[in-house]
Amino acid sequence: MKRQTLQMLLALILISAGAALPARAHADDEGVYGPAAPPGSAFIRVFNDSAAPDFEAKIADKVLNEIPAYGASDFVFLPPGKYTLNAGRVSQSVTLKPARFYTAVVDDHSLRLLDNDKYANHLKAQLIVYNMIEGTTMSLKMPDGRPVIENVAANAFGVREVNAVKVNFALYNGPTKVADVRPESLERGHVFSLFVTGNKDQPVTSWVMN
C-alpha cells in the first residue's frame, strides 16, 4: 500500500513539472527576445536629428535612451491612442494608429512624425529615404546616374523595394549631386532607412536598419 502511495505521489510531481514547462519556456523566450507586440499595436522610434550624443526620449512607460547623433532608436510598441512624446527639449502630443510604424524626427526645437506601412516582403529589401533638409528635393541614384528613389520633398520620404545587394549610391538635390553615400549591404526582408539631414550645402547621411 505504501509503495502504491509513493508511486502516485511521484506521478503527480512529474505531471506538475511537465505542466510548468510551457510557461517557463515562454518566460525564458520573453527574457531573451522581449515581449511580443499584441495584434493591432502601434510602433514608434525616435531619430536624433542632431550632433548631440546619448539622446533620450520617453513615451508612456517606454524609455528610449542612448540614441546616437544622427541615429535612431529601436521601435517600441504601444496600444493605439494619444500620447505625449518627450524627446530632448521637445514635448509634443502624438496620435498613434493601429499597425502603423512611426518615425519621430527630433532636433533641438521641433518634432516631425512620419508614418510608414509595415514591410513584410521576405524576397526583397525595402529602402526608405527620409529628407529632413528644408528647401530641397532629394534623389538617390546609382553612381552612373540611374535613379533609385526620386524627388523626395523636404520633411517627407520615398520608398522602393530593391534586390539584396551591396552598392554605392549618390545623393542629388534636383539635378545637382551633393554627396556620395556610404555603401550598405541590403538584405532581404529588412528595411534600410537613409536619413538625409544637415543643410543643402553639407548634407549628412546616415543608415539605420530594422
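So which of Phe77, Phe55 is crowded, with 16+ Cβ neighbours inside 10 Å and either in contact with a helix residue (DSSP H, G or I) (Cβ under 9 Å, 6 or more places away or on another chain) or at pLDDT 95 or above (or both)? Break it down into steps so the answer makes sense when it comes.
Details: Phe55 fails: either in contact with a helix residue (DSSP H, G or I) (Cβ under 9 Å, 6 or more places away or on another chain) or at pLDDT 95 or above (or both).
Step by step, each of Phe77, Phe55 is checked, and only Phe77 is crowded, with 16+ Cβ neighbours inside 10 Å and either in contact with a helix residue (DSSP H, G or I) (Cβ under 9 Å, 6 or more places away or on another chain) or at pLDDT 95 or above (or both).
Could you list, in sequence order, all residues of region 146-190 that are in a loop (DSSP other than H, G, I, E, B) and free of Cβ contacts under 8 Å to residues at least 12 places away in the same chain? Full working, then the answer.
Of all residues in region 146-190, those in a loop (DSSP other than H, G, I, E, B) come to 146, 154-155, 163-165, 174-175, 186-190.
Matches in region 146-190: Arg146, Pro175.
Taking Asn131 as the residue in question, decide whether it is closer than 30 Å to Ala164 by Cβ and surrounded by 13 or more Cβ atoms within 10 Å (Cβ to Cβ).
yes
Could you tell me how many of the residues in region 114-136 are closer than 18 Å to Asp49 by Cα and in a strand (DSSP E or B)? If you could, list the steps in order and put the result at the bottom.
We begin by selecting, within region 114-136, every residue closer than 18 Å to Asp49 by Cα; these are 114-115, 128-136.
Next, only the ones that are in a strand (DSSP E or B) stay: 114-115, 128-131.
Here the count works out to 6.
Whether any residue in region 97-108 is more than 15 Å from the chain's Cα centre (by Cα), loosely packed, with under 14 Cβ neighbours inside 10 Å, outside the structural domain of Asn131 (by TED's automatic domain parsing) and modelled with pLDDT of 90 or more is what I want to check.
yes
If a residue has to be polar (S, T, N, Q) and either at pLDDT below 90 or in the same structural domain as Gly88 (by TED's automatic domain parsing) (or both) to count, how many in region 117-132 make the cut?
From region 117-132, those polar (S, T, N, Q) are 121, 126, 131; that's our starting set.
Adding the requirement that they be either at pLDDT below 90 or in the same structural domain as Gly88 (by TED's automatic domain parsing) (or both) leaves 121.
Looking only at that region, the number is 1.
Are there any pairs, at least 6 apart or on different chains, whose C-beta atoms fall under 9 Å, with the first in region 54-76 and assigned by TED's automatic domain parsing to the domain that holds Phe43 and assigned to a strand (DSSP E or B) and the second among the aromatic types (Phe, Trp, Tyr) and modelled with pLDDT under 95, and if so, which?
Leu64/Phe55; Asn65/Phe55; Glu66/Phe55; Ile67/Phe55
Whether any residue in region 55-75 is polar (S, T, N, Q) and either touching an Asp or Glu at 6+ places or on another chain (Cβ under 6 Å) or within 26 Å of Arg160 (Cα to Cα) (or both) is what I want to check.
To start, the set of residues in region 55-75 that are polar (S, T, N, Q) comprises 65, 73.
Okay, now just the ones that are also either touching an Asp or Glu at 6+ places or on another chain (Cβ under 6 Å) or within 26 Å of Arg160 (Cα to Cα) (or both), so 65, 73.
There is at least one residue in region 55-75 that is polar (S, T, N, Q) and either touching an Asp or Glu at 6+ places or on another chain (Cβ under 6 Å) or within 26 Å of Arg160 (Cα to Cα) (or both).
Determine whether Tyr83 is surrounded by 15 or more Cβ atoms within 10 Å (Cβ to Cβ) and in a loop (DSSP other than H, G, I, E, B). Show your work before the answer.
On the way: surrounded by 15 or more Cβ atoms within 10 Å (Cβ to Cβ): yes; in a loop (DSSP other than H, G, I, E, B): no.
Spelling it out, it is not the case that Tyr83 is surrounded by 15 or more Cβ atoms within 10 Å (Cβ to Cβ) and in a loop (DSSP other than H, G, I, E, B).
Go through (1) more than 23 Å from Val191 (Cα to Cα); (2) more than 16 Å from the chain's Cα centre (by Cα) one by one and return the number of the condition Lys58 breaks.
Exception for Lys58: condition (2).
Sort out which residues of region 91-113 are part of a loop (DSSP other than H, G, I, E, B) and in contact (Cβ under 8 Å) with a residue 24 or more places away in the chain, and write them in order of number.
Lys97, Pro98, Ala99, Arg100, Asp107, Asp108
State whether the residues of region 132-150 include one that is of a type in the set (Val, Ile, Thr) and closer than 20 Å to Gly71 by Cα.
The answer is yes; a qualifying residue exists.
The values are calculated or read from the model by the stated rules, or taken from the named source; none is laboratory data. This is a predicted model, so every value here is computed, not measured. Note that we place each Cβ from the backbone using ideal geometry, even for glycine, and neighbour counts take in every protein chain shown.
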